[in-house]
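First the structure, in the form of structure tokens, and then the observations on it.
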Amino acid sequence: MNAKIRSKKIQQIVVTAEQMRNIEERIFSAGIPVAALMEKVAGKINHRLQTLFSEKSITSADKIGILVGPGHNGGDGLVVARELYFLGYNIVIYSPISKPKELTESHAKYAISLGINFSSNIKELYDCDILIDGLFGFGLEREITGKIANAINIINNLNKFVISIDLPSGIHTDTGEILGTAIRANITLCLGLWKQAFLQDTGLDYIGRAELIDFDIPRADINAVIGEYPILNRITQDTAINSLPLPRPANHHKYKNGYLLIIAGSKQYTGAAILAGLGARASGVGMLSIAVPNSIKPLLSLQLPESLIIGCPETENGAILELPEDIDLNRYQTIVCGPGLTIEAEAIVERILTANCAIILDADALNILAKLNPVLALSSRKFPTIITPHFGEFKRLFPELIALEKNQIILAKQAAELTGAIIVLKGARTCVATPNQVWINPDSTPALGRGGSGDVLTGLLGGLLPPVILAEKPVELIVNTAVWWHSQAGILAATERTELGVDAYTLTQYLIPALTQFLKTIN
Ligand SMILES: NC(=O)C1=CN([C@@H]2O[C@H](COP(=O)(O)OP(=O)(O)OC[C@H]3O[C@@H](n4cnc5c(N)ncnc54)[C@H](O)[C@@H]3O)[C@@H](O)[C@H]2O)[C@@H](O)CC1
Ligand SMILES: [K+]
């Protein structure tokens with residue numbers, strides 16, 4: 001496989017510690033010596049470090065501290081230390097551990113024989129300009145305690161720039177949980193294949209910027225362990241863009257480009273309906289209708305002149321009471337229901353649950369759903385159903401799952417299995433679960449943690465669905481596309497306007513520029 005295609009495909013794969021161990025065993029028993037692989041991997045790490053050092057203006061005059069643990073993560077650290085030493089860097093190896101694995105011990109012995117400064121005194125790190133963390137990788141199995149935990153806490157307090165090898169030491173490979181304490185890295189160089197920890201919200205503050213160092217694990221060995229169609233996948237730029245309804249068929253008129261109905265808004269939350277509408281606008285959907293309470297209809301017409309605004313009878317508090325009698329729900333390929341509805345709109349949600357088309361339930365529709373029987377209501381549906389809860393809403397919908405499981409990836413998958421719906425569990429690393437597969441969005445920005453940003457996603461997703469449904473294609477992949485596109489718009493907006501400058505309206509204005517930026521790189 002050519003290197004470019006391999007590097008794109010490898011980005012999609014995610015493994016657990018156990019899967020990584022099984023893959024590793026296969027390649028070792030196929031014949032590569034453990035020590036040879038360690039040399040190869042450390043060579044690749046060093047290659048990357050050269051660029052990172054020059055970005056940080058680290059020169060041979062600077063002091064580099066290498067943290068070394070007992071296992072092969074420590075072995076990687078020692079090989080890196082040795083090669084940096086040969087390149088003329090001022091190195092200190094710090095190891096708080098007395099009983100290393102054989103190969104690690106052998107590298108330590110050689111480093112000492114070369115005269116590299118080797119110490120178990122943490123004070124040696126105080127005047128370092130940069131630290132490289134090889135304490136623990138995917139072999140960490142239990143809480144870090146005692147002397148090592150103390151050392152990690154001291155290191156974190158030094159506030160040095162830290163590059164972690166494979167994982168920040170102390171992070172659980174599968175859940176991202178902090179096992180006692182953990183190194184707070186600025187950059188983590190994940191080795192070989194992405195581990196689950198990189199895709200969970202839990203450990204993100206410790207991982208810093210994450211990069212994958214591919215070391216040519218044969219695809220056959222990966223497939224033998226994770227299967228040809230693995231359950232867990234990372235959403236990549238390629239998977240996202242390939243699912244877009246582009247190019248549009250030359251002979252399509254507006255109805256052939258899909259018809260979306262958004263039911264949203266109340267007197268209290270007018271903006272939610274506008275933001276969902278603006279999200280849908282960027283999707284290119286052929287026709288958009290937005291049902292809102294009568295009293296806010298003029299506001300919507302002003303903001304979205306291309307849309308058909310349907311005024312609905314409303315409650316005393318200005319929530320939608322019911323849909324107009326003459327509305328024909330069979331006209332739409334997709335109905336979005338929820339943003340800004342308030343929990344008074346119960347009758348609407350009950351009606352939409354029985355609609356004979358794809359539906360997306362968000363925000364207040366989920367709060368209303370939580371008061372019904374969510375599993376029964378969703379599993380009775382015969383058309384595609386997508387729900388987009390954040391973790392708080394998820395907890396209200398599926399308290400019985402939360403009681404038994406902590407891993408958010410597993411939770412989302414269990415909810416999908418129970419209900420048959422596609423679950424978009426929103427967070428720093430949003431995951432999209434179907435009963436058979438889970439896709440995780442690996443890149444996002446904290447700039448998106450603001451009111452209204454979810455409404456934009458729901459509208460965008462709503463608008464992307466109808467053409468897919470008309471083309472009779474499966475809907476899962478376009479859900480990934482919406483999630484990816486939404487966060488790329490946030491990333492672009494944050495780059496240009498800082499993380500503070502990405503309000504939800506601004507976000508809607510970055511959807512098309514974000515896409516244009518990627519399409520330019522492909523064409
Ligand atoms: N997977 C692969 O194919 C490769 C893995 N390599 C490296 O090998 C690493 C995995 O190596 P290991 O399996 O040796 O695991 P680690 O180096 O992550 O650590 C395991 C060691 O730490 C000890 N340990 C575990 N939890 C502890 C705790 N809480 N307190 C104190 N000691 C604890 C274990 O007894 C064992 O000695 C990877 O992270 C990576 O850095 C690379 O060298 C080459 C390729
Ligand atoms: K590490």
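The values are calculated or read from the model by the stated rules, or taken from the named source; none is laboratory data. Model, not experiment: these values are computed from the prediction. Don't worry about glycine lacking a Cβ; one is built from the backbone with ideal geometry, like all the others, and counts go over all protein chains shown.
Of the strands (runs of 3 or more DSSP E) entirely within segment 123-214, those holding at least 2 residues that are under 20 Å from Thr445 (Cα atoms) and of a type outside the set (Phe, Trp, Tyr) occupy 187-191, 209-213. The set of residues in segment 235-257 being surrounded by 15 or more Cβ atoms within 10 Å (Cβ to Cβ) and out of contact with any strand residue (DSSP E or B) (no Cβ under 7 Å at 6 or more places or on another chain) consists of Thr236, Gln237, Asp238, Thr239, Ala240, Ile241, Ser243, Leu244, Pro245, Lys256, Asn257. For segment 9-21, state whether one or more residues are more than 20 Å from Ala185 (Cα to Cα), over 26 Å from the mean Cα position of the chain (by Cα), in the same structural domain as Asp216 (by the TED database) and polar (S, T, N, Q). Checking segment 9-21: not a single residue is more than 20 Å from Ala185 (Cα to Cα), over 26 Å from the mean Cα position of the chain (by Cα), in the same structural domain as Asp216 (by the TED database) and polar (S, T, N, Q). The selection criterion, being buried (at least 24 other Cβ atoms within 10 Å of the Cβ), among the hydrophobic types (A, V, I, L, M, F, W, C) and at pLDDT 95 or above, does not hold for Ala447. Among strands (runs of 3 or more DSSP E) entirely within segment 287-338, having at least 1 residues that are hydroxyl-bearing (Ser, Thr, Tyr) and either within 34 Å of the chain's Cα centre (by Cα) or more than 15 Å from Lys267 (Cα to Cα) (or both) singles out 287-293, 334-337.
Only one of the numbered conditions (1) in contact with a Ser or Thr (Cβ under 9 Å, 6 or more places away or on another chain); (2) surrounded by 17 or more Cβ atoms within 10 Å (Cβ to Cβ) is not met by Ile58, and that is (1). Residues in segment 175-192 that are over 16 Å from Gly69 (Cβ atoms) and either surrounded by 22 or more Cβ atoms within 10 Å (Cβ to Cβ) or not assigned by the TED database to the domain that holds Ser7 (or both): Gly176, Gly192. Within segment 103-150, being within 11 Å of ligand 1 (Cβ to nearest atom), among the small types (Gly, Ala, Ser) and over 12 Å from Ile66 (Cα atoms) holds for Gly137, Gly139, Gly146, Ala149.
For segment 476-483, the criterion of being farther than 19 Å from Tyr259 by Cα, of a type in the set (S, T, N, Q) and assigned to a loop (DSSP other than H, G, I, E, B) is met by none of the residues.
Considering only residues in segment 22-52 that are basic (Lys, Arg) and within 16 Å of ligand 2 (Cβ to nearest atom), the one that is farthest from Glu141 (Cα to Cα) turns out to be Arg48. With the structure loaded, tell me whether Leu232 is crowded, with 17+ Cβ neighbours inside 10 Å, closer than 28 Å to Ile409 by Cα, at pLDDT 95 or above and not basic (Lys, Arg) or whether it fails that test. No: the conditions fail for Leu232. Highlighted here are the helices (runs of 4 or more DSSP H) found entirely within segment 372-411 that include at least 2 residues which are in contact with a strand residue (DSSP E or B) (Cβ under 8 Å, 6 or more places away or on another chain): 391-397.
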